[in-house]
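Just below is one structure, and these are the notes that go with it.
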Amino acid sequence: MSKKIDSALQELTKALVKHAEIVGGTAVSIKKAQRAAAKVQTAALNYAKVVHAKTGIGSPFDNLPRNGLEATTMASLNAERAALGTKKPHDKKD
């Protein structure tokens, strides 16, 4: 197996196990579950990217439904976060 694919697989497996631990408990924290789900999604996308780069084969996750915020909402939130992160201290309003 390719080292990059093996590494991406390990990352994905680790993210899935962590997600299962969080959502499998008796008291489930929504924020922790959402963070864990985001890590699973990131790891899955990375795995698919590495597989595609090596083989040219498409993502095994293409036909899965996507939950959560729409892409336009995420783009807007990411842009807002980036803008807030680049403000200089003197730009703050008191």
- Complete set of residues in the range 18-30 that are touching a Lys or Arg at 6+ places or on another chain (Cβ under 8 Å) and either under 27 Å from V51 (Cα atoms) or not in a helix (DSSP H, G or I) (or both): K18, H19
- Restricting the range 3-17 to residues that are among the hydrophobic types (A, V, I, L, M, F, W, C) and closer than 14 Å to V51 by Cβ, which is nearest to the chain's Cα centre (by Cα)? L12
- Query: What residue, of A38, A48, A33, A15, is part of a helix (DSSP H, G or I), of a type outside the set (K, R) and either in contact (Cβ under 8 Å) with a residue 24 or more places away in the chain or touching a Lys or Arg at 6+ places or on another chain (Cβ under 9 Å) (or both)?
  - Reply: A15
- Selection within the range 51-94 - closer than 22 Å to A37 by Cβ, part of a loop (DSSP other than H, G, I, E, B) and modelled with pLDDT of 75 or more: S59, P60, F61, D62, N63
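The values are calculated or read from the model by the stated rules, or taken from the named source; none is laboratory data. Please read all numbers here as calculations on a predicted model, not as lab measurements. With ideal geometry, Cβ positions are generated from the backbone for all residues, glycine too; neighbour counts draw on all protein chains shown.
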